[in-house]
Each structure stands twice: as structure tokens, then as C-alpha cells.
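A short worksheet on the structure shown next.
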Amino acid sequence: MKQFDTIIIGAGAAGLFAAVYSSRAGKRTAVIEKNRLVGRKIRITGKGRCNVTNNCDVRTVIANTPTNSKFLYSALTAFPPSEIMSFFEAEGVPLKTERGKRVFPVSDKASDIAEALRKAAEKSGVAIFENEVKDIIIENSRAAGVLLKNGEKLFSDRVIIATGGISYPLTGSTGDGYSFAKAAGHTIVPLRPSLVPLLTEEHFGYDAEGLLLKNISMQLYDRKKKKTIYEDFGECELHRWGLGGAVIRSASAHIRETQPEAKRYIISLDLKPALSEEKLDARIMRELTNSNKGTVSDIMPSLLPHGIIEDVLSAAELSGKEKSSELTREQRKKLVCSLKCMKRTVSGFRPVEEAIVTSGGVNVREIDPKTMQSRILPGLYFAGEVIDYDCYTGGFNLQCAFSSGALAAIS
């Protein structure tokens, strides 16, 4: 028998943060992690740079949490972004704030964040077990420990489930926590991908595959509500199957259905947001004049990357072979429209394995938001993505993982 004050399942962002705060509070703490390397998902976030949090106030984090934001109020108030930033800088990881108040390690290495958490946990005396949990031990109608896959039992009257969602399963996020929660009597809100690339009915040409467009403007229009429900500015990635990139992933969080209704959501891309239609038309006219006896295709490289030219011309009903000197006002108008308003109809999500986070999870009505303890099984706590909440991009998801983990630990 091995007795602990707190046992945490999962050594991700929420789990490791909970472990440090638990151990620093004088609790004998154990973390069970099935991967050999702790913090695997942390190490690949933000394209390997790790957007660790957002340098903002609690109200802004709440505003960027579309699902169950009020549930996280206590956790975020107790452990706001400033607390998270102070923690990592105290652990020897200098931070910097970039566009949109996104916070990254100065080194641009996500591994520095993961290693800081690992070292802080080990330094504070946390016992890390490389093993897999088979089940939660329940005795006298409360959590009493965990049963490991090898048959070993670890006992504690406080167990924190911090296993993450089902996105990036190669990092160990395979949905184990949902099974544990369900076995304990909890309801699981249906899972769906969030912050994920989107499939579209219209396809780009082969030359556009993988093309990253920077500094574009995007709008997500809901035909059912007859209004724009989200707009953003930043990077968009083009694929044969649809669209990816930061602005598209953020837009996906606003599509709440498990499967989008047919033709309900329209994405509009402005490839030239710095220019009004009038200024863009004047720019095109200058290029046509300078081209002299050239064709429309000849002027396009001055406006766009090569990979997307064919798609833009096709949207404008142009072949590209039209003589520069012969392009009509109506044809110019269509070209301007295709540059300022490239429309794509959303047909679905890419697989959940490609999502940054999972939407859905343990029903928040069954968790005390002031402690993160189960309202169904005393002694059982939850932290991080296993809970039914999700945020937009910008460091908000990791912030909520850290906050909920720390609150569960001190509770």
C-alpha cells in the first residue's frame, strides 16, 4: 500500500500545475502519467513555441471562453494570468508578450515550459509514476485512490482527474478521464473538435495546397442568424480540403454543432484588407497600365502569391489570358470582389485528432466551481480540458488549465 494526500491522473498542463501547488501546500503528492515524457502536449503547442497564457485581466479570459466561462470565474480569480506569468518567470523561464497580448517564452521553446513544470514538481517532492490508471478506487461512497494497469493500488482521499481531452491522441490524450468520470456517475457532454481546421465545399487548386496567407481578414457568416458571428485578422492556410490557420481555428469555436448544418456557415476572406475596393481597383489599373501589352496573369504576381492566383482568377470568371489593355470595368470589378471577398462554404470539421482542444467533457453542473470537486463523488476533483469548457486561441486554454489545476490542488 502506498498512501498519498493527493493523487493526480495526468502530467499535462493542468496535472503538473496541480501537482506543484499541492506539494507546495505540504501535501504528499503523486502524479500518474502513462507517457515516459511528461507534458508531451505542452511541448508541441503554439507550433513548438507554447502560447503559455495571455497578458490580460480575468474579464478578458472570460470573454474568450465561449463555453461555460462563468464556471471558471473562481479559478481564474484565484489564479489569473499575472499569477501564471510570475510562476514561470520565478522558475527561470523569461516571458515575452506579442501581438494580441499572447505570452511566449523568450526562447520560443515550448519545451522550456514543460521542463520548468517538471523540475518544479520534482523539486517540491512530487512522486511521478510512469504507469496507466485502470480505475478509480471508491470506498465508503468517496474516492479513495487509483488502481494501476499493473495491479498496484495507490491510496488517497483526494484524486484529481487531469487527463485532457481527445485531441492530439499521440500525446496521450485518449479520453481516459471521461471513462473514469462516467464510471463515478458523471455525465459527459458530447465531444467535438474545437480550434480545428474546417472542411469547405469549394476546393483550391493543387498549387494552393499548404499556402499560408498572412495578414488577411476573415469573417464567419451565419445564414440562419443572418449575421456575421465572428471576424478576425491574421494567418490562414489553404488546403485542397478547406482552410486552416489561426483565424480559421478560432472561427471553428463559434460553430457549436457537432456537425455544421449544410450551407449554414460561410467564410469570407479579404486577401487585401489594407486596401478599400476603390484603392484596390486603382492599384489594378496601374498594374494593367504598366503591363502595357501583357495579360491579366502577368500582373497577378504583384498582388498575390503564385499558388492562389488561379483560384482568384477563376472566382472572377477570368482565364488570365485577357489582354491588360482590354480588361473591362466590369471584369475589374469582379477581380476586386474575388480579392476582397473570397467565399467558402463550411461543410464540416477536420478530425478531432487535428484539433487544439476538445469541446465537451465532464458536465460543469456536476462540479463545484469554487473547489473543482465532484458534486457526485466526494474526494474526486477535475482540472483542465477534461471539463466541458473551451476557449479561443491566444493562450486562454492553457491559462484555464493552469488555473483549474491550481484551484483543485489547494482545495
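The values are calculated or read from the model by the stated rules, or taken from the named source; none is laboratory data. This structure is a prediction, so every number in the text was calculated from the model and none was measured. Don't worry about glycine lacking a Cβ; one is built from the backbone with ideal geometry, like all the others, and counts go over all protein chains shown.
When you scan the range 1-19, how many residues do you find that are part of a strand (DSSP E or B) and either touching a Phe, Trp or Tyr at 6+ places or on another chain (Cβ under 8 Å) or of a type in the set (A, V, I, L, M, F, W, C) (or both)? Explain how you work it out, then say what you get.
Step one: of the range 1-19, the residues part of a strand (DSSP E or B) are 2-3, 6-9.
Then keep just the ones that are either touching a Phe, Trp or Tyr at 6+ places or on another chain (Cβ under 8 Å) or of a type in the set (A, V, I, L, M, F, W, C) (or both); that gives 2-3, 7-9.
Count: 5.
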*For the range 293-411, please list each of the strands (runs of 3 or more DSSP E) lying entirely inside it that holds at least 2 residues being more than 30 Å from residue 183 (Cβ to Cβ).*
342-349
*Which numbered condition trips up residue 145, out of (1) surrounded by fewer than 22 Cβ atoms within 10 Å (Cβ to Cβ); (2) modelled with pLDDT of 95 or more?*
(1)
*Considering only the range 52-65, state which residues are in a loop (DSSP other than H, G, I, E, B) and surrounded by fewer than 24 Cβ atoms within 10 Å (Cβ to Cβ).*
55, 56, 57, 64, 65
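So, in the range 83-113, how many residues would count as being of a type in the set (Gly, Ala, Ser), in contact with a Lys or Arg (Cβ under 7 Å, 6 or more places away or on another chain) and under 19 Å from residue 393 (Cα atoms)? Step through it out loud before you land on a result.
From the range 83-113, those of a type in the set (Gly, Ala, Ser) are 86, 90, 92, 100, 107, 110-111; that's our starting set.
Adding the requirement that they be in contact with a Lys or Arg (Cβ under 7 Å, 6 or more places away or on another chain) leaves 110-111.
Next, from what is left, pick out any that are under 19 Å from residue 393 (Cα atoms): 110.
Of the residues in that region, 1 qualify.
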*Test for residue 135: is it surrounded by fewer than 22 Cβ atoms within 10 Å (Cβ to Cβ), of a type outside the set (A, V, I, L, M) and in a strand (DSSP E or B)*: yes
*Quick one: count up the residues across the range 309-363 that are hydroxyl-bearing (Ser, Thr, Tyr) and surrounded by fewer than 17 Cβ atoms within 10 Å (Cβ to Cβ).*
4
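If only one of 230, 221, 206 is farther than 23 Å from residue 264 by Cα, surrounded by fewer than 21 Cβ atoms within 10 Å (Cβ to Cβ) and either among the aromatic types (Phe, Trp, Tyr) or within 19 Å of the chain's Cα centre (by Cα) (or both), which one is it?
Working: 230 fails: farther than 23 Å from residue 264 by Cα; 221 fails: farther than 23 Å from residue 264 by Cα.
None of the others qualify; the one that does is 206.
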*asked:* Of the residues 257, 261, 235, 202, only one is among the acidic types (Asp, Glu) and in contact with a Leu (Cβ under 7 Å, 6 or more places away or on another chain); which?
replied: 235
*Please name all residue pairs, on different chains or six or more residues apart, with Cβ atoms under 7 Å, provided the first residue is in the range 20-42 and is part of a strand (DSSP E or B) and the second residue is surrounded by 23 or more Cβ atoms within 10 Å (Cβ to Cβ) and of a type outside the set (A, V, I, L, M, F, W, C).*
29/6; 29/22; 29/23; 31/15; 33/10
*Check 249, 223 and return the single one that is more than 21 Å from residue 51 (Cα to Cα), among the basic types (Lys, Arg) and outside the structural domain of residue 380 (by TED's automatic domain parsing).*
223
